[in-house]
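K.L.:
One structure is given below, represented as structure tokens, and several questions about it will come after.
The values are calculated or read from the model by the stated rules, or taken from the named source; none is laboratory data. Here the structure is a predicted model, which means the values were calculated and not measured. Neighbour counts run over all protein chains shown; Cβ positions are idealised from the backbone, glycine included. The accessibility values were calculated without ligands, DNA or RNA, using every heavy atom of the protein model including side chains. Shrake-Rupley method; radii C 1.70, N 1.55, O 1.52, S 1.80 Å.
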Amino acid sequence: ALAVELAKEFNGEVVSCDNTGAVSGSNSVGGIVGMNDGSVEGSVNTAAVTASGTHVGGVVGNLVGGEIVGSGNTGAVTGGSDYIGGVAGVCSGASITRSYNTGIISGNTGKSDAVGGVVGAIDGTNITKSTITNCYNTGAVTGRNWVGGIAGLSGYQKTPQNVRFSSGYTTGAVTGSSHTGAVVGKLSKG
């Protein structure tokens, strides 16, 4: 029951929570929280996370204005459409710090765009820069377009905002059809 409650929308603070049960849904699906504009700290997902649609992450599916600190994912993350990440599916005006992914991240190779080892897609807002700091990925990452070891797509909004990547690494294999990179698949502004 706890895994189901943690997988819903969240605006507060999650600290030191672990999930070992498989999580599945259609959109905004996460191993710890589905959609978050609060804080997730010291939490780990070790189970499979699967979405038939978009915004799927090992820790948070859709991170908007919040933060993930010292958290990680070791489970397989699979999405049927876009925005698939080992830690977060999407990060908008938010930060991910000292977090990791070691699980296999898979998108549909025929239609999944923005697939990343740490985050599928990241962008700032006109008020807040998004940051990925001291994060790593060792899991294999597969998708169609905009596929990266850390981030699949940086700057996905109509007017991309600043994003900062610092002090991270990736060792997992990265496979995609176009815009595929060891760190970022496509960097629009960063």
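K.L.:
Considering only residues of region 94-107 that are among the polar types (S, T, N, Q) and closer than 17 Å to residue 171 by Cβ, which is surrounded by the most Cβ atoms within 10 Å (Cβ to Cβ)?
P.N.:
By that ranking, first place goes to 101.
K.L.:
For region 22-41, name all the residues that are acidic (Asp, Glu) and at pLDDT 95 or above.
P.N.:
If the condition is that a residue be acidic (Asp, Glu) and at pLDDT 95 or above, then 41 is the only one that fits.
K.L.:
Would you confirm whether or not region 108-119 contains a residue that is modelled with pLDDT of 95 or more and surrounded by fewer than 24 Cβ atoms within 10 Å (Cβ to Cβ)?
P.N.:
No, region 108-119 has no match at all.
K.L.:
Can you say whether residue 128 is touching a residue at least 60 places away in the same chain (Cβ under 8 Å), open to solvent by 10 Å² or more (accessible area, probe 1.4 Å) and either within 21 Å of residue 53 (Cα to Cα) or among the aromatic types (Phe, Trp, Tyr) (or both), as far as the supplied structure shows?
P.N.:
no
K.L.:
Which residue pairs have Cβ atoms under 7 Å apart, sit 6 or more places apart or on different chains, and have a first residue in region 144-158 that is farther than 14 Å from residue 173 by Cβ and a second that is among the polar types (S, T, N, Q) and open to solvent by less than 10 Å² (accessible area, probe 1.4 Å)?
P.N.:
144/112
K.L.:
Looking at region 9-93, what strands (runs of 3 or more DSSP E) fall wholly within it and have at least 2 residues that are of a type outside the set (Phe, Trp, Tyr) and open to solvent by 30 Å² or more (accessible area, probe 1.4 Å)?
P.N.:
Here the list reads 13-15, 23-25.
K.L.:
Mind counting the residues in region 135-180 that are under 18 Å from residue 73 (Cα atoms), open to solvent by 60 Å² or more (accessible area, probe 1.4 Å) and of a type outside the set (Ser, Thr, Tyr)?
P.N.:
The total comes to 1.
K.L.:
A further question follows. Could you check how many residues of region 124-162 are among the hydrophobic types (A, V, I, L, M, F, W, C) and closer than 17 Å to residue 99 by Cα?
P.N.:
Count: 6.
K.L.:
Scan region 86-98 for residues that are under 12 Å from residue 60 (Cα atoms) and touching a Cys at 6+ places or on another chain (Cβ under 8 Å) and jot them down.
P.N.:
87, 96
Residue-by-condition table, conditions (1) of a type in the set (A, V, I, L, M, F, W, C); (2) over 19 Å from residue 89 (Cβ atoms):
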site: 167; (1), (2): no, yes
site: 174; (1), (2): yes, no
site: 179; (1), (2): no, no
site: 185; (1), (2): no, no
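K.L.:
Moving on to the next point. Criterion first (out of contact with any strand residue (DSSP E or B) (no Cβ under 7 Å at 6 or more places or on another chain) and either modelled with pLDDT under 95 or part of a loop (DSSP other than H, G, I, E, B) (or both)) does residue 186 satisfy it?
P.N.:
Here the answer is no, as residue 186 does not meet what is asked.
K.L.:
Using the structure shown, decide if residue 119 is closer than 21 Å to residue 59 by Cα, free of Cβ contacts under 8 Å to residues at least 60 places away in the same chain and either out of contact with any Ser or Thr (no Cβ under 9 Å at 6 or more places or on another chain) or among the β-branched types (Val, Ile, Thr) (or both).
P.N.:
no
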